[in-house]
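Throughout, read-outs are computed from the coordinates displayed, never taken from laboratory work. Quick caveat, the model's predicted, so the values are computed rather than measured. Cβ placement follows ideal geometry from the backbone for every residue including glycine, while neighbour counts extend to all protein chains displayed.
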Amino acid sequence: MSWISLEKATALKEKFNYIDVAESNGYVSVEVPKDKLISFLQFLKEDPDYAFKMFIDLTVIDHGQKENPRFQGVIILYSPEYKERIIVKSWATEETLPTLTNLWSGAKWAEREAWDMFGIKFEGHDNLVRMFMWEGYPYHPLRKDFPIRGIEDVELPSLNEVERGDQLEGLFNYSRMHTALPTLEDLEKTQKARMPKKKSQIVLNWGPLHPGTHGTIWFLFDLDGEYVQQCDIIIGQLHRGVEKIAENIGYQQFIPYTDRMDYIASINENHAYVVAAEKLLGIHDKVPPKAKWIRTMMAELSRINSHLLWLGTYALDLGALTMFLYTFREREKIMDILEGITGARFTINYFRIGGVFADLPAGALEAIEHFLKDFPERINDYENLLTRNRIWLKRNKDVCVLTEEDVYDYGLTGAVARASGVPYDVRKIDSYDMYDEVDFDIPVGEVGDSYDRYLVRMEEMRQSAKIIQQCIEKLRNDFTPDDPYFLEPEDPKKLKLSIDGRGLKLPQGEVYASTDNPRGELGFYIYNKKAAIKPHRVRIRSGAFYNLQVFTKAIIGRPIADAITLLSTIDPVVGETDR
Amino acid sequence: MGIKKVGLNRNVKPQSLVEKIFFLDFMKGLKTTIKHLFRKTITVDFPYEVSTPTIRFRGVHGLRNVDGTEADDFNSWIKKLKIKPPEMGETRCIACKFCQAACPVPELFTIKAEKLNVPEDHPHHGLKVLSVFDMDLSKCMFCGLCTQACPTDCIIHTDVYDLSSYTRKSWVLNKEELSRIADDFIARRGKEKFDEKSKWRQDQQIWPDYDTPRAKAWDGWMPSYTPNYINTQKGTNNSTESQ
Ligand code: SF4
Ligand code: SF4
């Protein structure tokens, strides 16, 4: 497991006598007093023996109204040298914490999110405004005293069906009251707050409902002629409070909600959550190998599916319409396979904590193999159309370069990090499921421009195809129809595990587990105060969220047309950035 | 661990002068286009032609009726919940509400059972029947958890997917409608999906062999539905144990 060892963390105590080291299922965390936090983190980042250079995540836990102090900051860091992660915690007394933005620029959005959702002030943050909600929204929704239904204080009868002036009775009827909604003035205030100082004359709004933004993202460009001087992004239009839902629902019941985060690669979202829950239960190693092979295969199939959509829309945005039609043809085949195996084309919900819900139907491996046989030729077609096309080169070569420094500073992951020369791949580092048994390469770029990001994703598709081929061989030769696809716990009294997930209890403890989503590292941090059927805190570390953040930096000084290229090569999905 | 470097000059050659002058990059692209010009059509001409959903497809729900294919523990469930033993053609639902408990959106169900109003000496005295079973499918995620929780294999997913309507009211299905949908589905495709004990068949096909429109996207190819695993018996190969 890619985690700092207890010894190494305890050794820190010699230098810093004020820290506490704790361990839960192998996940070592260090607790630091608030006033010493920054100097401690600086040491972790700069000391060559630790070198926790890479920012992974920052979040807050609300321990409940009765606790004092009530809020605790949680910081997750990664050391590329030693391939280790660490959790640093600090109590937010008086609801404040020092800002980390001087150490990692990536903390900027994470701190804004923590302020938005928990009302924790970060001292020294240069523009601590809300992240998802609008300015003027009165609540902090992830606090434990905020009800899951929200506070319904606006009357909005138009949602209801009215027949002869009367409300209908029945299940389909909604309450006339609705949770707060932003008014036009609120939105204006939000826009002003996001970009308090205009540098030049024009502020261009792009989105939130523009086909080029691939979802509801609202960009603000401060333009000097064609060139961007300043940029900010307003997201949150698709914010559904997925973390809040996770904290109010059973473990298995949450899996369909993860489908709706990154809906392009819903299998990978399921995967991350399932792996995290299994690790907290301590059963990840006991999951039947057949289920693990199936999961690995499906996850890679879904990666190809997601990259095909990326390629199609990316080329479409840059003017190559035909690509879209070609990639959708292959996507259709993958969709057919997914529909046959899982019963759904888009929101899959196939994985379960403990395996998968059903074995493969007859003809499944055969169909996947048939798809793979054809696929390399299809990729060659795509490459023929794009890779060395002069327009493509002009639009992508040396556009919006991201350096290795940026990767660590902003916590970039996935293809975006790899294109900048950082071989950061959770599949290799953390080797969940069967990834340590399959043979594949990590494609790595050199320059870090849009063209490299394109090439990395193209190569990733080839590598995924290679992984799937290995999975097929393994499944076909080594397993029988009678092998289990779902874990039967040895002692059903202790651990109630079922496919529908009723009554599944997870133990006390904490876990951070991540998987390599097509859009970057998708991590789930689950914190449980005591064994319960609902988690106390679920934090979703979204790769797309952090990758999108670097947009505001990489676009500075570039012409406005590059915004399309950059956004496409970062490839965020709003369902995941907003959650 | 394997790292593969990609980039211009690495695995991609930059454009040569000849290519630039003669627009060879465009020619190459056009070649791909022309190649596709002579391929067969792959699109399905909906709605004149429709492809059949796969057998595992999670569409509109149905409530199955008793038809002699119940699982062996069906009667013990009926006894446990004090339900009037259903006749042929009556619903299998025993109002246990397991489906609601497993559902991520439990408020979409309204399930009620009623005590039978019969004299004391009647054999069904004190037993209950299902009286209300409403589902608001506008709130449903079609995740399938309810069907996996049902102990009597009553609630199932069918292959019906067109649920559009002009009113919200028509998304709320009651138990008669749900039964009708299930009956229709079982009559059409029940044998494909379930075995004699109402469990999923082991040899379900990835998609139906009569689904020719779907084959269009696959250039006319159809799987031959050979079993996925070469070995049918456990223990014929030891390498599984070594993991
Ligand atoms: S399919 Fe899922 S959301 Fe719909 S009723 Fe069943 S359990 Fe609930
Ligand atoms: S789980 Fe099945 S038997 Fe129980 S209430 Fe639901 S449909 Fe009826």
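From most to least packed by mean Cβ count within 10 Å, the peptides A:273-283, A:309-319 give A:273-283, A:309-319. Can you tally the net charge around A:Trp218? Count Lys and Arg as +1, Asp and Glu as -1, for every other residue whose Cβ sits under 13 Å from the Cβ of A:Trp218. Taking every other residue near A:Trp218 into account, the sum is -2.
For chain B, the longest principal axis of the alpha carbon atoms and the long axis of helix B:175-193 meet at an angle near 50°.
Converting phi to 3J(HN,Hα) with the Karplus coefficients 6.51, -1.76 and 1.60 and the offset θ = phi - 60°, segment A:195-200 yields 10, x, 10, 6, 9, 10 Hz in sequence order, with x at every glycine or proline. Neighbouring Cβ atoms from other chains, within 10 Å of the Cβ of residues in B:203-213, number 4 on average.
For segment A:6-123, lysine pairs separated by 8 or more sequence positions, or belonging to different chains, with Cα-Cα distances below 14 Å total 10. Averaged over peptide A:440-453, the number of partner chain Cβ atoms lying within 10 Å of each residue's Cβ comes to 4. For chain B, the longest principal axis of the Cα atoms and the long axis of helix B:24-37 meet at an angle of about 40 degrees. A:Val242 sits among other residues whose Cβ lies under 14 Å from its own Cβ, and their net charge, with Lys and Arg +1 and Asp and Glu -1, is -1.
Hull volume per residue, based on the alpha-carbon atoms of segment A:6-123 and their convex hull, is 103 Å³. A Förster distance of 22 Å, applied to the separation of the beta-carbon atoms of A:Glu7 and A:Glu95, puts the FRET efficiency at 0.05. Just report the Cα centroid separation between segment B:131-154 and segment A:203-258, whole Å. Cα centres, segment B:131-154 to segment A:203-258: 33 Å. Membrane-span-like helices in chain A (whole DSSP H runs, Cα extent of at least 24 Å along the helix axis, mean Kyte-Doolittle hydropathy of at least 0.0): A:321-342.
Computed per residue of the protein assembly as shown from DSSP H runs no shorter than four, each worth -39500 (n - 2.57), the mean residue ellipticity at 222 nm is -10500 deg cm²/dmol. Mean partner shielding of peptide B:171-178, defined as the number of other chain Cβ atoms within 10 Å of each residue Cβ, is 1.
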